[in-house]
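The values are calculated or read from the model by the stated rules, or taken from the named source; none is laboratory data. Bear in mind that the values here come from a model prediction, so they are computed numbers and not experimental data. Note: ideal-geometry Cβ built from the backbone for every residue, glycine included; neighbour counts use all protein chains shown. Calculation scope for accessible area: heavy atoms of the full protein, side chains included, ligands and nucleic acids excluded. Shrake-Rupley method; radii C 1.70, N 1.55, O 1.52, S 1.80 Å.
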Amino acid sequence: MATRFEIDDAFIAERNQEAKRFLEHDYDCLGDKLARDNVDIGDLTTKAQAFQVALPSWGVGTGGTRFARFAGAGEPRNIYEKLEDCGTILKLVRSTTAVSLHIPWDKPEDPAELRKFARERGLHFDAMNSNTFQDQRGQELSYKFGSLTHPDAGVRRQAVEHNIECIEIGRILGSKSLTVWIADGGNFPGQVHPRRALERYLESMHAIYKALPGDWNVFLEHKLYEPAFYSTVINDWGTSYYCARELGSKALCLVDLGHHAPNVNIEMVVARLIQLGKLGGFHFNDSKYGDDDLDAGSIKPFQLFLIFSELVDAELSAVPHFNPCYMLDQSHNVTDPIESLMVSASELVRAYVQAHLVDRQALTEAQEKCDPLMALSILKRAFTTDVTPIVALARERTGGAIDPLSTYRSSGYRKRKATERQAVTESESLSGIV
């Protein structure tokens with residue numbers, strides 16, 4: 001097999017050397033500023049170095065709209081090439097050591113071999129993702145009118161068996177969780193019986209839950225609409241919480257930032273799930289109108305900060321059993337997916353560090369004194385602090401790039417991959433790039 005191009009560590013170090021002098025100056029200036037508020041910049045940098053978010057295996061491929069998909073140059077054609085791209089992202093940003101697989105899009109012929117391939121690139125596997133929202137080649141029964149909640153018990157059984165298969169593959173890969181999102185719902189009033197559908201969902205999920213290994217969790221993902229535009233079965237966080245509670249302690253709720261009605265207070269949803277002990281994790285992205293799957297922090301950076309403010313508050317408060325999993329879940333239609341995932345990963349670290357700048361004692365005092373303007377100003381002071389030097393130095397100290405985007409572009413990685421990987425035609429387009 002011909003040698004495949006990789007970005008060399010020496011190249012990253014060389015690029016860092018050009019920018020390090022200016023970074024150190026900016027870092028020292030920020031450190032002096034934070035010290036006036038008794039904030040240790042070194043402690044924040046350590047926290048930034050430790051932050052991790054999983055990459056979606058499907059996210060490194062070019063996405064599409066409801067009407068078309070425009071294939072990108074050098075996009076990965078199989079799971080091994082996807083892991084090559086994920087490994088490249090990890091080299092540059094250092095905060096993405098985990099990859100979340102989607103089955104059957106990325107079903108490995110030899111899971112043990114794939115696990116070895118990932119380890120060689122410093123990667124491990126996060127949550128497994130099942131797919132019962134589209135029919136696969138050779139599939140016996142169709143999911144056109146539902147899967148885990150379908151009126152036909154045979155369809156439900158097929159969907160359950162697929163989820164159990166995902167668990168078995170995940171065990172070999174070293175995963176510890178399963179994410180279940182279903183597209184079940186209706187486009188017309190009367191099409192679906194709401195109560196019976198939820199009863200069938202719980203019946204199916206009990207069978208999946210029973211198959212979970214003792215040290216696994218299952219994450220329930222809700223979605224307001226799409227592809228069913230009138231009703232969905234698991235339509236909001238309350239329904240998700242109810243089902244997770246009914247299933248047991250290993251069932252938790254997953255929050256996708258795009259799966260809510262416009263203007264929903266998502267940070268409040270996060271706070272409630274923390275309080276109820278059922279926050280399992282996140283699919284991070286951003287949204288302007290609906291389930292847009294835009295790059296994290298590109299539309300509503302203040303909302304992202306407020307979400308992390310709730311998460312950091314729970315972390316600092318040592319809330320029992322608080323250990324959420326983080327993953328990016330985006331569709332890259334007009335950008336290089338590697339670039340978008342790198343920028344999004346960095347935005348999450350930024351929001352996490354900013355949330356640690358909130359003066360919690362002062363905020364509590366303002367809340368107890370019913371001083372809304374002071375409370376807001378405390379949050380805004382943290383949010384408007386430019387922590388770029390912290391995020392950049394955290395990357396550099398762990399072997400990543402001070403400026404991942406410019407380093408990636410100057411490496412010529414995409415151009416080299418376009419040469420190595422034969423272009424994917426529309427008729428051969430990757431399954432799972434939606």
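For the cross-link pairs LYS47/LYS210; LYS144/LYS250; LYS107/LYS176, the ones whose C-alpha atoms lie over 25 Å apart are LYS47/LYS210; LYS144/LYS250. Residue ranges 326-335, 284-293, 89-98 sort as 89-98, 326-335, 284-293 when ordered by packing (mean number of other C-beta atoms within 10 Å per residue, highest first).
On a per residue basis, the chain carries 47 Å² of accessible surface, using protein heavy atoms and a 1.4 Å probe. Computed on the Cα atoms alone, the convex hull of the stretch 267-338 gives a volume of 95 cubic angstrom per residue.
Give the average over all directions of the projected area of the C-alpha convex hull of the stretch 202-346, one decimal, in nm². About 9.5 nm², averaged over all directions.
Counting DSSP beta bridges in the stretch 158-310, what percent are antiparallel, to the nearest 5? So the antiparallel bridges in the stretch 158-310 amount to around 20 percent.
The equivalent ellipsoid of the stretch 1-115 has semi-axes of 36, 18, 16 Å, largest first, where each one is the square root of 5 times an eigenvalue of the Cα gyration tensor. Percent of Cα pairs in the stretch 279-434 per distance bin of 10 Å, from zero to the largest separation: 9, 29, 33, 18, 7, 3, 0.
Of all the options ARG272, ARG137, ARG409, the one that moves most in a Gaussian network model of the chain with Cα springs shorter than 10 angstrom is ARG137. Across all directions, the average flat footprint of the convex hull enclosing the Cα atoms of the stretch 65-165 is 8.3 nm². Across the stretch 288-421, the mean sequence separation of Cα contacts (distance under 8 Å, 6 or more residues apart), normalised by length, yields a relative contact order of 25 percent. Taken as entire DSSP H runs, the helices of the chain that both span 18 Å or more between Cα atoms along their own long axis and average 0.5 or more on the Kyte-Doolittle scale are 301-316, 337-355. Take every pair of alpha-carbon atoms less than 8 Å apart whose residues are at least six positions apart; their mean separation over the length of the chain yields a relative contact order of 23 percent. Restricting the GluC sites (Glu not before Pro) of the stretch 82-113 to loop positions (DSSP other than H, G, I, E, B) with no more than 15 neighbouring Cβ atoms within 10 Å leaves GLU109. Spacing of the modelled spin labels on HIS193 and SER406, each 7 Å from Cα toward Cβ, amounts to 6.4 nm. What the Cβ-Cβ distance of GLU109 and CYS29 gives, at R0 = 60 Å and to the nearest 0.05, is a FRET efficiency of 0.65. The order of the peptides 8-16, 57-65 by mean Cβ neighbours within 10 Å, most packed first, is 57-65, 8-16. Heavy-atom surface analysis with a 1.4 Å probe gives the chain a carbon and sulfur content of 51 percent of its accessible area.
Computed from the Kirkwood radius of its Cα pairs, the Stokes-Einstein diffusion coefficient for the stretch 312-368 at 20 °C and 1.002 mPa s stands at 153 µm²/s. Peptides 43-56, 211-224 ranked from most to least packed, by the mean per-residue count of other Cβ atoms within 10 Å: 43-56, 211-224.
FRET efficiency for the pair ALA153 and ALA261, taken as 1/(1 + (r/R0)^6) with r the Cβ-Cβ distance and R0 = 41 Å, rounds to 0.80.
So if each residue of separation counts as 0.36 nm, and I subtract the Cα-Cα distance between LYS210 and ASP371, what length gain in nm does that give? Write down the numbers at each step before the final one.
Values: separation 161, 0.36 × 161 = 57.96 nm, distance 4.92 nm.
Computed gain between LYS210 and ASP371 is 53.0 nm.
At 222 nm, what value in deg cm²/dmol follows for the chain if DSSP H runs of at least 4 each add -39500 (n - 2.57) and the sum is divided by all its residues, to the nearest 500?
For the chain, the value works out to -15000 deg cm²/dmol.
Here the mean projected area of the convex hull built on the C-alpha positions of the stretch 206-278 is 5.3 nm². Here each label is just a point 7 Å from Cα along the line to Cβ, and for THR388 and ARG77 those points are 4.0 nm apart.
Sorted from longest to shortest, the spans of the Cα atoms of the stretch 159-224 along the three principal axes equal 43, 19, 16 Å.
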